[in-house]
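Scroll down for the structure; my scribbles are underneath it.
No lab work stands behind these numbers, since they all come straight from the coordinates. The structure presented is a predicted model; accordingly, all values stated were derived computationally and were not measured. FYI the Cβ positions are ideal-geometry reconstructions off the backbone, even for glycines, and counts take in every protein chain you see.
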Amino acid sequence: MEFACPHCGQGTRVQLPQIQVTPAPPPMGSPSVSSEESLTPESDPHACENCGGIMAPEDKVCMECGHRRPFKTKWTGNAIFRLVAGIVILGELSILGLQWTTEKPFGLRQRTRHAVLIKVGLREELDPAKQASLAGKNVANSTPAAAKDPDLKLKSHELKPDKDNGSLWVRGVVENVSKYRYHAVRVRFNLKGEDGKIIRGAEISAYQQSIEPGKEWLFKVLVLDPDATDYVPILPIKGYR
């Protein structure tokens with residue numbers, strides 16, 4: 001650079017000294033970068049996505065602009081195992097809760113619940129009399145309802161000899177009083193001797209393939225035992241609808 005001297009007025013050439021700029025040191029914890037290589041978001045996969053600042057792989061927040069890295073889930077074998085185990089445990093706890101809070105279809109019996117509460121110290125053990133009462137309640141709950149009146153009724157029956165050969169026959173009528181067709185209907189009788197006792201192994205029966213609703217079946221059964229003088233019906237009459 002040339003300018004006039006303030007004393008003599010002659011042109012004087014002056015050379016300005018070169019100023020060397022030293023780059024600022026990187027932030028603490030950041031990887032060192034050589035002067036020949038500058039890290040950019042394109043060249044450094046760990047650089048800040050917002051401002052391009054240098055970040056270590058384990059850093060979550062940029063120290064320059066405060067930008068937070070997005071959370072990325074890596075589905076490793078260990079993570080999948082934990083997820084499946086959590087689902088299984090949750091299902092078992094749900095089933096246990098349903099068994100504890102419901103009666104049907106798979107709820108725990110009252111006696112079992114009482115035993116569990118005794119085990120964890122939330123209830124005192126009952127004396128034998130109360131335990132028997134509790135067991136009786138469970139039995140009563142499991143007992144089926146009383147059977148209704150039979151749909152197949154033995155309307156009439158009698159023991160009559162045959163007028164031609166004198167053989168004994170039990171004759172009668174079975175009535176289907178229901179609104180359903182019954183199949184494989186069988187009527188049975190025990191035979192009695194002169195002493196009025198049932199003769200063992202002397203049971204007799206008659207079979208009908210089906211009886212329509214509201215219809216009757218006139219049956220007759222031959223008495224084969226010569227010692228039989230009477231009979232008694234075996235009820236109820238069997239049949240399937």
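Output needed for region 152-240: three equivalent-ellipsoid semi-axes, defined as square roots of 5 times the C-alpha gyration tensor eigenvalues, in descending order, whole Å. Mind dumping the intermediate values first?
Working: eigenvalues 130, 38, 19 Å².
So the three semi-axes of region 152-240 are 25, 14, 10 Å.
Once you put a point 7 Å from the Cα of Y207 and another 7 Å from the Cα of R186, both along the Cβ direction, what distance in nm separates them?
Those two pseudo-labels are separated by 0.8 nm.
Amide H of H67: which non-local residues (sequence gap of 5 or more, or other chain) have their own amide H closer than 5 Å, using H built in the peptide plane?
Residues meeting the criterion, in which the H sits 1.01 Å from N, are C62.
Amide H neighbours of K238 under 5 Å, at least 5 residues apart or on other chains, H built in the peptide plane: list them.
R186
Applying the Karplus parametrisation 6.51 cos²θ - 1.76 cosθ + 1.60 with θ = phi - 60° to the phi angles of region 56-64, what ³J(HN,Hα) value in whole Hz is obtained for each residue in order, glycine and proline being reported as x?
Running phi through 6.51 cos²θ - 1.76 cosθ + 1.60 with θ = phi - 60° gives 6, x, 8, 6, 9, 10, 6, 6, 7 Hz.
So what J values fall out for region 179-189 if you push phi through Karplus, 6.51 cos²θ - 1.76 cosθ + 1.60 with θ = phi - 60°, rounded to Hz, Gly and Pro as x?
Listing the rounded values in order: 9, 10, 7, 9, 10, 6, 7, 9, 10, 10, 9 Hz.
Y231's amide H: which non-local residues (gap 5+, or another chain) put their own amide H closer than 5 Å, with H modeled 1.01 Å from N in plane and none for Pro or chain starts?
Hits under the 5 Å cutoff: K192.
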